[in-house]
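Single-structure report; data block below.
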Amino acid sequence: MIEDDQVLRETTAAFLEAEGFVVKTAADGKTGFELASKEKADLIVTDLMLPGLNGLEICRKLREKGIGTPVIMLTGQKKDEIDKVVGLELGADDYLTKPFGQRELLARINAVLRRSMPETKDIEEYSFADVIINFKKRIASKGKKEFYLTAKEYDLLKLLIAHEGEVVSRDTILNEVWGYEKFPTTRTVDTFIHNLRQKIEKDPSRPAHLLTIPWSGYRFQK
């Protein structure tokens, strides 16, 4: 997040971190551009009016370097349609005017991430340890004994397995498995992960496959 308003920058970053994102911030355009160039970010939120480089310049320079990270641009210029058009033409993915609600920004972030995220690869059957999951037939077994999974548990497990070794945020899980608008809190994900661990882990209190990554989300490892 690149924003020169300290209060807005810090409160928004804290809100997004509480929602499961890892957030890095910059207070000026030059620092923000350098950070965005070096870090492998999933998304960039930048103010339009910034000291050093403005948001349009940041977006243009990133695209010139071949960096296609999605960008959401913030502005206080509600009626400035020219800047809006220019921003989108330079490669911004969305545009949000100030003042905005934190939930509105979160919804925009989730929508942009959803559009940019590659589709989950189709997995018919997968095995790990003594667990076999047939996603096509919806049959699960552990040590040759079948056990029951709900439809959402199958979908959640399939998403994590499809991104094996990668950290998947709670918000991404909500978007992909439920659709964010149906569940106002990421605690839903935590509850389902807990239930899955009870069913597939040898020792649910010390999970070996469904790992919690603090402040980030969850990762599946075989």
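The values are calculated or read from the model by the stated rules, or taken from the named source; none is laboratory data. The structure presented is a predicted model; accordingly, all values stated were derived computationally and were not measured. Virtual Cβ from ideal backbone geometry, glycine too; neighbours counted across all protein chains shown.
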Report, ordered by the first and then the second residue, all pairs with beta carbons closer than 8 Å, sequence separation of six or more or different chains, a first member in segment 34-45 that is closer than 18 Å to Leu105 by Cβ and not assigned by TED's automatic domain parsing to the domain that holds Cys59, and a second member that is at pLDDT below 95 and among the charged types (D, E, K, R). none
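Table: residues versus (1) part of a helix (DSSP H, G or I); (2) at pLDDT 90 or above; (3) out of contact with any strand residue (DSSP E or B) (no Cβ under 7 Å at 6 or more places or on another chain).
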{"position": "Asp4", "(1), (2), (3)": "no, yes, no"}
{"position": "Gly20", "(1), (2), (3)": "no, no, no"}
{"position": "Ala36", "(1), (2), (3)": "yes, yes, no"}
{"position": "Gly66", "(1), (2), (3)": "no, no, yes"}
Is there a residue being surrounded by 15 or more Cβ atoms within 10 Å (Cβ to Cβ), touching a strand residue (DSSP E or B) at 6+ places or on another chain (Cβ under 8 Å) and within 30 Å of Thr11 (Cβ to Cβ) anywhere in segment 112-128? yes
Residue check: is Leu50 surrounded by 15 or more Cβ atoms within 10 Å (Cβ to Cβ), closer than 23 Å to Thr11 by Cβ and modelled with pLDDT of 75 or more? yes
Starting from segment 1-24, take each residue that is on the phi > 0 side of the Ramachandran plot and list its partners that are of a type in the set (Phe, Trp, Tyr) and not in a helix (DSSP H, G or I), counting only C-beta distances under 8 angstrom and pairs at least six apart or across chains. Gly20/Trp215
Does Val177 fit the bill of being under 20 Å from the mean Cα position of the chain (by Cα) and modelled with pLDDT of 80 or more? yes
